[in-house]
């Protein structure tokens, strides 16, 4: 499958650097503020964008992203409105790859066929669905690939040699390596361990490898982008949003600029690597 994700990683290889993948929860802290942040991400230096689909029970996410989902849902976020944010980005930017990340339940309720149709029309390039293992590929993975949407697999420190080929089956776009055990945003990544894991993955796949969980600073992003094809930063960005909220949960005047400035620092890190 070819598309924006493959083109972006090819461009990064041509530049001789790793990429920056940014994650934030759609609709956090409210729809309009989220839209302003999302539209500003490419200019701030995001090479790929992951947009979290708000869900009431995000089991793989730590406190920061869980809170972001709750804020978004309280502000009226739905899967339909998430797709509207994706559409808004695609209307303003034709090149930056956009990946939706989340859980199967909201998609199941929406309807798989309707979701894939609407996601494709909105300009979505890939999906990361953390609670659908390869054994359930018939649910969404195979229909997504047939619709021309990349299916991005997660590999972890506990994915052993016997399991890895199964995990990599039907994968496209890139492989997302979860660098630490546990939920998002609770530990700091270790570059040495990441290098060893990436080398092991490269023996099994030609897909680009993006590393996430535990990347909190520009220095972290710089180190990981030396070892992998991209660094994924999520919780640290989400915390910037949370830190700029008032006691009543309203966004401060400088929230959008603060978040985009931080993304600029992360982008500078991967470009310095």
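Since every read-out is calculated from the coordinates, none of them should be taken as a lab result. Please read all numbers here as calculations on a predicted model, not as lab measurements. Please note: Cβ atoms are built from the backbone with ideal geometry, for glycine as well, and neighbour counts cover all protein chains shown.
Some points to look at:
- If the segment from residue 253 to residue 204 were pulled out straight at 0.36 nm per residue, it would be longer than the present Cα-Cα gap by 12.9 nm.
- When only Cα pairs below 8 angstrom with a gap of at least 6 residues are kept, the range 4-272 shows a relative contact order of 24 percent.
- Value of relative contact order over the range 1-140, rounded to a whole percent, pairs C-alpha under 8 Å and six or more apart: 27
- Mean Cβ neighbour count within 10 Å, used as a protection proxy, ranking 57-64, 81-88 highest first: 81-88, 57-64
- Footprinting exposure proxy for 136, 50, 242 (fewest neighbouring C-beta atoms within 10 Å first): 136, 242, 50
- Global geometry of the range 22-64, whether rounded, prolate or oblate, following the gyration tensor of its Cα atoms and the 1.5 cut on a/c: oblate
- Highest-first packing order for the peptide set 163-174, 67-78 is 67-78, 163-174, based on the mean count of other beta carbon atoms within 10 Å.
- Remark: 56, 159, 22 ranked as 56, 159, 22, counting other beta-carbon atoms within 10 Å and listing the fewest first.
- Which labelled figure in [x] 21.3; [y] 12.6; [z] 15.3 is mean projected area of the Cα convex hull in nm², once derived from the coordinates: [y]
- Part-to-part distance (alpha-carbon centres) for the range 29-72 and the range 212-273, which is given in Å: 12
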